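Scroll down for the structure; my scribbles are underneath it.
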Amino acid sequence: MGVVTREDVLETCAGLPATTDERPFGPETAVAKVVGRVFAITPLDGEVRVTLKVAPPHGEALVREHDWIVPGYHMNKRHWITVTVGPESDPRLVEDLIVNSYDLVVAGLPRHRRP
């Protein structure tokens, strides 16, 4: 895979079980939810970014190691990161981080609601 596009981010989110694409902040921001819980937020204009849930120690390490990953924009900085997707970002890591965010949210759901 080459450079990740916004469409790649949205398709990765949409491909996960029981995911919905909602627009609670207006038409310019896609919010991916699983069983009503947010796991990814992607602006639909400007720079290609995605804000994702992360375990705090993992998020701290990612922010330290990658210039293109920062604490979550407008989110709890310990539990969310914002990934700017571009030529310097690792496509496989971006996809893994989306899936990891989804998995963290699913793990927090009651067993009877998990997809």
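The values are calculated or read from the model by the stated rules, or taken from the named source; none is laboratory data. These figures come from a predicted structure and were not determined experimentally. Because the Cβ atoms are built from the backbone with ideal geometry, glycine has one as well, and the counts that use them run over all protein chains shown. Heavy atoms of the whole protein, side chains included, go into the accessibility calculation; ligands, DNA and RNA do not. Shrake-Rupley method; radii C 1.70, N 1.55, O 1.52, S 1.80 Å.
Considering only residues of segment 34-60 that are buried (at least 18 other Cβ atoms within 10 Å of the Cβ), without any contact (Cβ under 8 Å) to a residue 40 or more places away in the chain and out of contact with any Pro (no Cβ under 8 Å at 6 or more places or on another chain), which is nearest to residue 97 (Cα to Cα)? Steps first, please.
If we filter segment 34-60 for residues that are buried (at least 18 other Cβ atoms within 10 Å of the Cβ), which is where we start, we get 34, 38-42, 48-54, 59.
Filter again for without any contact (Cβ under 8 Å) to a residue 40 or more places away in the chain, leaving 41-42, 49, 51, 59.
Keeping just the survivors that are out of contact with any Pro (no Cβ under 8 Å at 6 or more places or on another chain) gives 41-42, 51.
Working: 41: 13, 42: 14, 51: 10 Å.
So the residue we want is 51.
May I ask you to verify whether residue 22 is closer than 23 Å to residue 113 by Cα and without any contact (Cβ under 8 Å) to a residue 24 or more places away in the chain?
Yes: the conditions hold for residue 22.
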- prompt: Considering segment 1-33 alone, what residues qualify as being among the β-branched types (Val, Ile, Thr) and open to solvent by less than 20 Å² (accessible area, probe 1.4 Å)?
  reply: 4, 9, 31
- request: Starting from segment 90-106, keep only residues that are within 13 Å of residue 16 (Cα to Cα), then list their pairs with residues that are open to solvent by 70 Å² or more (accessible area, probe 1.4 Å) whose Cβ atoms are within a distance under 6 Å, requiring at least 6 positions of separation or different chains.
  value: 105/37; 106/114
task: For segment 36-115, please list each of the strands (runs of 3 or more DSSP E) lying entirely inside it that holds at least 2 residues being aliphatic (A, V, I, L, M) and out of contact with any helix residue (DSSP H, G or I) (no Cβ under 7 Å at 6 or more places or on another chain).
output: 37-43
- prompt: Which residue out of 80, 68 is modelled with pLDDT of 95 or more, open to solvent by less than 50 Å² (accessible area, probe 1.4 Å) and under 19 Å from residue 25 (Cβ atoms)?
  reply: 80
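Checking the conditions here, which among 91, 115 is at pLDDT below 90, farther than 14 Å from residue 52 by Cβ and of a type outside the set (Lys, Arg)?
On the way: 91 fails: at pLDDT below 90.
After ruling out the rest, the residue left standing is 115.
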